[in-house]
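The values are calculated or read from the model by the stated rules, or taken from the named source; none is laboratory data. Because the structure is predicted, anything quoted here is derived from the model rather than measured. All Cβ positions, glycine included, derive from the backbone under ideal geometry; neighbour counts span all protein chains shown. Remember, those area values only see protein heavy atoms, side chains included, never the ligands or the DNA or RNA. Shrake-Rupley method; radii C 1.70, N 1.55, O 1.52, S 1.80 Å.
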Amino acid sequence: MCGIIGINSYKPVSSAIINSLKKLEYRGYDSAGIATLSSGLINEIKSEGRVDNLEKNSLVKKMEGTIGIGHVRWATHGIPSSLNAHPHSSQNVSVVHNGIIENSTILKKFLIGKGHKFKSQTDTEVIVHLITEHLKKENIINSIKKTLKLLHGSFALGIIFKDQPDLIIGARRGSPLAVGYGPNENYLGSDSYALKSMTNKITYLNDGEFCVIKKDLVEFFDEKGTKINKKVLELSSENQKYDKGDYKHFMAKEIDEQPMSIKNGIKEYLDTANNDINIFNFPWKIENISSVILIGCGTAYHSCLMAKYWFEELTSLDVSVDIASEFRYRKNRFKKDSLYIFVSQSGETADTYAALDLCNKNGMKTCGVVNVIESSIARDSKFVLPIHCGTEIGVASTKAFLGQMLILYILSLKLGLIRGDINKKKFSQKLKDLKVLPELVSKTLLIDNKIQTTSSTFIEAKGSMFLGRGFSYPIALEGALKLKELSYVHAEGYPAGEMKHGPLALIEEGMPVVVLAPRDNYYKKTISNMQEVIARGAKVLLITNKSKDEIVSENIWETIEVETTNEDLLPFLLTIPLQKLAYYSALKKGYDIDKPRNLAKSVTVE
Ligand code: AGP
């Protein structure tokens, strides 16, 4: 939800910090700030809005100091304002924070009682004053240890000290934090993306750990303050540099990258020589798995819902799906023979990570389906299935959604074959169809004009519905989410068969309704549902697949036909027009497509 950066260098750091903050803006962007240490003084500059606003302050370029911290904020406590922006500083300490301090109110009362004066409405400021209070009697390491012990909730911290010209402290609990290593300088950042323009050598902190970052040395400690050694990872060059190229928005680029990202995913898992699927090093005996529980948030949850249909179709496993923020507090009955699958693009979503942590603590079989392979969920799952779709920057997930679905589909095929639920002939035919999917996605991407023209109706209406049955139902939910999060208009995904149980009352003259009705087993029933809404005045945008059979219905406002393939794979193609519908709607409204209001790419707080 927020992004933090720290740099300890032999040269002035303000411009490097600003550049890193720009890369972190996808994590939060309602305010930003920087603090550097020079001639024994902490200099702090903060601004509301984007990092550009901060950079426009002429004092930033003139900031001296070879040690500094920076922050981009997604507000949790206290309105977005320069006062509430981070860093938060006292005379002796300056802090940037990602996370939520749940006991900040009590701590604030205690500190005010000790004479501390607070300037902001944030929870973070209590950290500044707690460290300042402990420094009266303790050295730095003990002050940090004592402060962290008092904090309830989650944090990734970057801290500099007035009297320490060569030291940044980093600390992590529940929010991601990484250290980067450069030539005569070292870095601290929320994730590798912020650091990769400066280094490809990264170390990730685990919960409870903290670190001391000097120009030429980094030391790591566990929560007791015992020094520990940690691995240095080399980032893959594939993600080293990633920019918009000729595209206006990352989202547009990422939509168009889908044929390639699907191709990459297939290549990673398909054993073409043996016409098989490779799930390397699967750590459990398949016969010891009798059920699958799929867990995720938002778009990742929709890919879990989609997978439920495939698992039911291709295996005899019991399958259930849960929203991570619900699962983590539910009275779960953990079962040893269940496989718990956690789906997450960023691998840092707090609710999904908490659900994983709960399952790990109960000794469950945990598998992560993630895009960021250095992420917390990837590191702490007992088994990982990377989706290999490359860096995704647009807050609204597109290629990662198709990537998640692809891996879950591949997994359901493999488990179905090994368990004998599908025979080799059926398995081979599905693999054959799968290999053509990238080309079909390419062709479906060419559908554009109709989507651009229909998008105006969606943004002018007071709301819209997205309807689907069976395989199309999760896609209807995803299409509605995309439109909501990009164009800020209400849209609701709903099972087409459920409309008559209430929501039909919403339908009125001219209301735009997307109906997903591919020629699958549900086609006829969905067309009937479509006629029910047309009869009540809805403007239906029908999305189906090409077929020689005529569509038997009148008064359809617009029809879009995606390419045809086996029905398992139609959801991939149905998604494309919905991604574009959301994109063009937001474009027409002039909204920031890559950074929609109130959202962040990785929701690392609950
Ligand atoms: C996707 O369009 C949304 N921005 C959001 O729902 C996202 O899918 C969700 O926050 C989960 O993120 P994750 O995949 O990184 O865990």
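Here are the numbers:
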{"quantity": "Partner lysines for Lys335 [C-alpha distance under 17 Å; skip if fewer than 8 residues away on the same chain]", "calculated": "Lys285, Lys361, Lys365, Lys382"}
{"quantity": "FRET efficiency for Lys248 and Leu83, using Cβ-Cβ distance with R0 set to 25 Å, rounded to 0.05", "calculated": "0.15"}
{"quantity": "Tail fraction, Cα-Cα pairs, the chain, threshold 31 Å, whole percent", "calculated": "52 percent"}
{"quantity": "The stretch 352-405, Cα convex hull volume normalised per residue, Å³", "calculated": "80 Å³"}
{"quantity": "Span from the the stretch 409-480 Cα centroid across to the the stretch 532-606 one, whole angstrom", "calculated": "11 Å"}
{"quantity": "Accessible area per residue in Å² at 1.4 Å probe, computed on the stretch 102-250", "calculated": "47 Å²"}
{"quantity": "Angstrom value of the Kirkwood radius, inverse mean 1/r, which spans all Cα pairs in the stretch 474-578", "calculated": "14.1 Å"}
{"quantity": "Whole-Hz ³J(HN,Hα) from phi, Karplus 6.51 cos²θ - 1.76 cosθ + 1.60, for the stretch 252-259, glycine and proline x", "calculated": "4, 5, 5, 5, 6, 7, 4, x"}
{"quantity": "From the C-alpha gyration tensor of the stretch 406-487, square roots of 5λ in Å", "calculated": "35, 16, 9"}
{"quantity": "DSSP bridge pairs, the chain: antiparallel proportion in percent, nearest 5", "calculated": "60 percent"}
{"quantity": "15 Å beta-carbon shell around Glu554, net charge (K/R +1, D/E -1)", "calculated": "-1"}
{"quantity": "Convex hull (Cα only) mean projected area of the stretch 69-135, reported in nm² to one decimal", "calculated": "4.3 nm²"}
{"quantity": "Relative packing of 185-193, 321-329, which averages over residues the other C-beta atoms within 10 Å, highest first", "calculated": "185-193, 321-329"}
{"quantity": "Reach of Lys23 by Cα under 15 Å, taken over aspartates and glutamates that are not fewer than 8 positions away in the same chain", "calculated": "Asp52, Glu55, Asp191, Asp243, Glu392, Asp594"}
{"quantity": "In the stretch 531-573, GluC sites (Glu not before Pro) in a DSSP loop with at most 15 other beta-carbon atoms within 10 Å", "calculated": "Glu550, Glu554"}
{"quantity": "Loop GluC sites (Glu not before Pro), the stretch 248-306 (other Cβ atoms within 10 Å of the site Cβ: 15 or fewer; DSSP)", "calculated": "none"}
{"quantity": "Percent carbon-and-sulfur accessible area, the stretch 1-76, ignoring ligands, DNA and RNA, probe 1.4 Å", "calculated": "53 percent"}
{"quantity": "Under 19 Å from Lys500, Cα to Cα: aspartates and glutamates that are on another chain or at least 8 residues apart", "calculated": "Glu492, Glu508, Glu509, Glu532"}
{"quantity": "The stretch 290-379: equivalent-ellipsoid semi-axes (sqrt of 5 x gyration tensor eigenvalues, Cα, Å)", "calculated": "18, 15, 12"}
{"quantity": "For the chain, size of Cβ-based charge dipole, Lys and Arg +1, Asp and Glu -1, in debye", "calculated": "1180 debye"}
{"quantity": "3J(HN,Hα) from dihedral phi, the stretch 410-425, Karplus parametrisation 6.51/-1.76/1.60, rounded to Hz, x for glycine, proline", "calculated": "4, 5, 5, 4, 5, 5, x, 5, 4, 7, x, 6, 10, 8, 4, 5"}
{"quantity": "Theoretical ellipticity at 222 nm over the chain - DSSP helices of four or more residues, -39500 (n - 2.57) apiece, nearest 500", "calculated": "-11000 deg cm²/dmol"}
{"quantity": "Over 24 Å between alpha carbons, listed pairs Lys248/Lys601; Lys109/Lys149; Lys248/Lys443; Lys414/Lys546; Lys430/Lys484; Lys253/Lys589", "calculated": "Lys414/Lys546; Lys430/Lys484"}
{"quantity": "Val540 long-range amide H proximity, modeled H, under 5 Å", "calculated": "Val513, Trp557, Glu558"}
{"quantity": "Local electrostatic count, Leu305, Cβ distance below 14 Å [Lys/Arg +1, Asp/Glu -1]", "calculated": "-3"}
{"quantity": "Under 10 Å, Cβ to Cβ, from Glu509 - net charge with Lys/Arg +1 and Asp/Glu -1", "calculated": "+1"}
